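Only one structure is covered here, and it is reproduced in the block below.
Only the coordinates and a few stated rules stand behind these numbers; no lab work does. Just so it is clear, the structure is predicted and the values come from calculations on it, not from any experiment. Ideal geometry is used to build each Cβ from the backbone, glycine not excepted, and the neighbour counts take in all protein chains shown.
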Amino acid sequence: MRDFSYLRADSVEAARNAAALPGAMLLAGGTTLIDLAKCGVAEPSTVIDISHIEGLDAIDVTADRAVIGALARMSHVADHTSVKSCFPAVSEALWQAASAQLRNMATVGGNLMQRTRCPYFRDPQNFPACNKRAHGSGCSAIGGATRGHAVLGVSEACIATYPGDLAVALVAFDAEVDLGGRKLKVEDFFLAPGATAEQEHDIRPGEVITAVEIPGSAAARRSTYIKVRDRQSYEFAAASAAVGLELEGDGRTVRDIRVALGGVATKPWRARAVEEALKGKAIDEATIRKASELAMEGAVDHGANHYKIALAPRVIARAILKLGETA
Amino acid sequence: MTVHDMKHAASDSARLEAVGGRLSRVDGPAKITGAAKYAFEQQLDGLTHAVLVGATIAAGKVTAIDARAAETAPGVLAVLTPDNIMELKGASDWLGNPPSQPTYAPLVREVTFSGQHVAAVVAETFEQAVAAAALVKVWYDETPAIVDLSDGKAGDGIPIDAMTKEWGDAEAAFAEAPVRICAAYNTPREFQAAMEPHGLIARWEGDELTIWEPSQWLDGMARTYAEWFSVPFENVRLVSPYVGGGFGSKAVALAHSAVAAAAARMLDRPVKLVLTRPQNFTSYGGRAATRQTVAIGADRDGKIQSIVHRGVNETAVDGTWVEPLGSVTSIMYATPNFSSKQNVVRVNTVVPGAKRAPGENPSAFGIESAIDELAYELGIDPLEMRLINYAEQDPHAKKAWSTRQLREAFAAGAEAFGWAKRSNAPRSMRDGHQLIGWGVAAGTYPVRRAHGEAVVKLLSDGSVEVESSSIDMGQGTYTILAQTAAETLGVPVERVSVKLGDSHFARAGVTGGSRLAGVMTGAVHKAAGQALDELIGLALSEPRSPFQKLQANTLQVRDGRIASPRGEGPDLSIADFMVAIGRDQIEAKGDTLPASTTPEERYKNYTTIAMSIPHTEGDYSRHSWCAHFVEVRIDEDFGTVRVARVVSALDSGRLYNPKLAESQWKGGIIMGIGQALLEEGVVDRRHGRIVNGNFADYMLPTNADIPDIQTISVGIPDPHSSALGGKGVGELAIVGIAPAIANAVFHATGKRVRDLPITLEKLI
Ligand SMILES: Cc1cc2nc3c(=O)[nH]c(=O)nc-3n(C[C@H](O)[C@H](O)[C@H](O)COP(=O)(O)OP(=O)(O)OC[C@H]3O[C@@H](n4cnc5c(N)ncnc54)[C@H](O)[C@@H]3O)c2cc1C
Ligand code: SF4
């Protein structure tokens, strides 16, 4: 049997100390960890249960920032009145993620750390080659079933899609992740595969996510998250977009715009080219659609995922149009 | 999700318990409270756990298995491999044909599909077995696999002559027809995806084997076990009190069943083996992938002159499954010329199997899409097109329909849906970013008939027991058999308890092909009638009977009380009467077989499907019918299809319980929505392996995907189809949903999608 030891951490300090042990993994809501342990991807020697640490689930929202504790449940954050009013895209990204049961269990910290849904990654028994699991072992997905794989930020080592929703909204609004000792931009916290697909996050042994902080802004207040998928609910995004928009007094000129993409890239993907193309411009549907295309610069497909290159700009455009209409 | 329930007359609810009443499922409370114990939930002393090791290649040989590490792992009792598993005898197939091989090896050396069982670990605990199974090392000599129908090596396949249906000169008539359409329609590999996985607990006591296993066919599976282990049929007891969904997959004993039962025998310990969710995608067959071409030639006024149909379904390297693709094609529309032929193509997959309406389901996707294409070719309303070509008799069997309320279904469905308001041109209806489409398609399923047996016991407290080895997998057997016994005997339904799911009860054939309700209500009606006759006979003639001095010709039983028809003389509850005459019980075993049936024939009747009665036997052709009307809304930028409305009018003959029938129809419609838009086994074409074999990646509809569904019953009692006038319910409604949706998608977008599922990339 694959035995492991179980430790319950009562404080962040205790969690950090334990997390420094080799083979240690944190357990929050367990919805990713237990899944990955069952398919043989996660084989922790020590499981550190952080779900009992007090105070780590606080949600604190003021006009200029939101601080969301790592243990806050997805469902609580999604339903939080101030999150809804100051950061609608964050709430929308959360309630469109996973299922109601999962959202009730899953935490914000665990959500940032969820792994790709690449089916080859999740089946070590049948597909030993996976650079993300074992550096240099190869990539089973390239040349295989790639309908869900990424078109942006891919490398020859790995084309796995970052599957989550929340982080897409966080990246759009320059959120930071608090690792206790240091803080970094969520955008920098996630790493594109390059030659080191196994390194997905900038997190070091012994570090624990304690909170995410989102700066408030007019764009965050007028924001939305659109998620497109075949199934109406309980499916990862084929493509998604978190967009925030601030217009000048004329109601058509863009003062500030934030665009990030999900479901199409190897990490939550900020589409700065789209933002730059629209900033200071008066927008109409044609301008928006044209600018949205810029998000796909450098996209590389692997056949079955080609549709994402056409789809993603349409999702961005729809989100901007929707926000423009509510002016 | 909002689901409209049909309005029902007050008289219906007043007689809930009668056949035709809307009684709720009698097993509902047990299921909701968790009191219902499913097969794997039996607690047995000394239970051990088996876990299977599956092949990681799709074709080739197992060259070596190193089980040493697994054998010495904690708790491990045995590692079974092809080398050490006990020898099993070959078993006859479900038609009763003798086995092609004298022996049967459920663990293989020759691998013909990815995931095939090559070894099994048995341990004291489940966790120990899982851990040790991961330690079993298998070496292979891999050979190239044929992964699917489009594999270059697959070829055209093997013609199945029995599927050929021809009349007139179809090819010539097609060539001469003034209007022609010809197109290819494909359906992917789909899975039954029952919530309750497959698996079993097997226990031997000497030469007696007890199996707890979810089953759609206790007697058939018990026969297979008996043959594998060379023990008498009576020595095998199969128990399956509740079944968490089967959809056709749980009717036969499978390789994993043999492994568990062999392990139990070898270790002389009870063994539990439950397939993991991924194993449920590779250990037995789902619906075979299919390819069809349908060519229709017609007059300018829309009358069909010829239909030429060619079909192919995938099957396995080591087994043949025929998905009858011409089944709907050959009967839905009147045509003077017709030709349908079918091949099967061997690919490296587990043998495909039955999934709800095998044959009719993909067949309808072909013909019901094609007729829509013809309607657009001619500029005729698709509903009108169907009426122009209405088949007044079975075009293939050339016999009268027993009943065919399809015209009524079209009319009732169109009326409730508001079809008259439809504008025929594609892309002519929209709402903001949404393109709206309305589609129609018809469906049908044959009335499969067989014989059944039931025991009805009247007990001394006036209660009634019904016993049958048939099963309830959610379709409502417990409930309708209680209603049948209650009505026949004249007792309140709450006094009837129904016992199912034990092969030692009165025998029953397969619960498949939507036949069970018709067969078993007939058998229970007969047995209960015999019990009633005996009760009345005793009341009239038994010396201690209070009715004896009445000198009446007959008596009647109502609400559990016996009295003379005109009310004179005593009025006694059955319980009081039984006490008065000193009887413990009255028991009657009734069956619907002719009295001359031999014991061998009886055995064959329940343990094979060889004695099913053809639906075209005698003067009539018997089928259920339906018409589906669907509204889809498609995001024009994203290509996402949402079904906004479904109205289906269905002819299942007389409904024994409309509430349960509607729920079955809705279940079929929901499954059809999944088939149309979501479901597809994704095969890695390099490895011949299903890569989405789990419920996160194999897409089934969620509540959010299911709109208002309105069902309308247009059936009338069909005396030629069953004792009480019902026709099939369970499979009918899934037939025709996918083409109705595809037709609606065309109406919305102008794009004809002929490959299921209709995922978003096909529309952007
Ligand atoms: C079927 C299914 C569908 C899903 N669909 C979606 C979807 O549509 N969109 C979406 O966004 N997500 C989806 N998810 C993912 C889900 O949101 C995540 O599983 C969940 O957010 C993880 O949170 P958790 O608290 O359960 O994490 P856990 O499983 O407890 O932990 C996950 C990982 O994070 C680490 N970890 C946990 N907390 C911390 C911390 N504070 N600091 C550092 N590391 C930590 C753990 O060690 C582990 O490696 C889906 C999941 C499933 C199973
Ligand atoms: S895409 Fe990445 S995660 Fe998937 S198999 Fe290749 S390396 Fe592994």
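Key figures for this structure:
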| read-out | value |
| --- | --- |
| Positive-pole candidate from A:A58, A:L21, A:G216, dipole of chain A, charges at beta carbon | A:G216 |
| Spatially proximal lysines relative to B:K153 (Cα-Cα < 21 Å; intrachain offsets below 8 disregarded) | B:K61 |
| Coil-residue chymotrypsin sites (Phe, Trp or Tyr not before Pro) of region A:1-105, DSSP, other Cβ within 10 Å capped at 13 | none |
| With Cα atoms, 0 to 90° folded angle of helix A:307-325 axis to chain A main axis | 60 |
| Sorted by Cβ neighbour density within 10 Å, fewest at the top, the residues B:V118, A:V186 | B:V118, A:V186 |
| Loop-exposed GluC sites (Glu not before Pro) per DSSP, neighbour cap 15 Cβ within 10 angstrom, longest uninterrupted part of chain B | B:88-391 |
| Shape of the protein assembly as shown, Cα gyration tensor, a/c cut at 1.5 | prolate |
| Region B:230-321: trypsin sites (Lys or Arg not before Pro) falling in loop per DSSP and having at most 10 other Cβ within 10 Å | B:R300 |
| Chain A shape via C-alpha gyration tensor axes, a/c threshold 1.5 | oblate |
| Around B:V691: net Lys/Arg minus Asp/Glu count, Cβ-Cβ under 9 Å | -2 |
| Nitroxide proxy distance, nm - points 7 Å out along Cα→Cβ at B:K303 and A:H52 | 8.3 |
| DSSP-assigned coil residues among trypsin sites (Lys or Arg not before Pro) in region B:332-426, each with at most 13 further Cβ atoms within 10 Å | B:K398 |
| 17 Å Cα-Cα reach of B:K526 towards aspartates and glutamates, excluding residues that sit fewer than 8 places from it in its own chain | B:E453, B:E465, B:E467, B:E487, B:E534, B:E587, B:D591 |
| Neighbouring partner chain Cβ atoms per residue of A:310-316, average, 10 Å criterion | 3 |
| For A:121-132, mean number of other protein chain Cβ atoms within 10 Å | 3 |
| CD proxy at 222 nm, helix term only [per DSSP H run n ≥ 4: -39500 (n - 2.57); per residue of chain B; nearest 500] | -7000 deg cm²/dmol |
| Percentage relative contact order, chain B, counting C-alpha pairs under 8 Å, at least six apart | 17 |
| Residues of region B:572-590 with amide N under 20 Å of the 7 Å Cα→Cβ point at B:R544 | B:572-588 |
| Proxy reagent accessibility, fewest Cβ within 10 Å first, across B:V79, B:V682 | B:V682, B:V79 |
| Cα-projected label distance for B:N84 with A:D250, points at 7 Å along beta-carbon direction, nm | 8.3 |
| For A:227-238, mean number of other protein chain Cβ atoms within 10 Å | 6 |
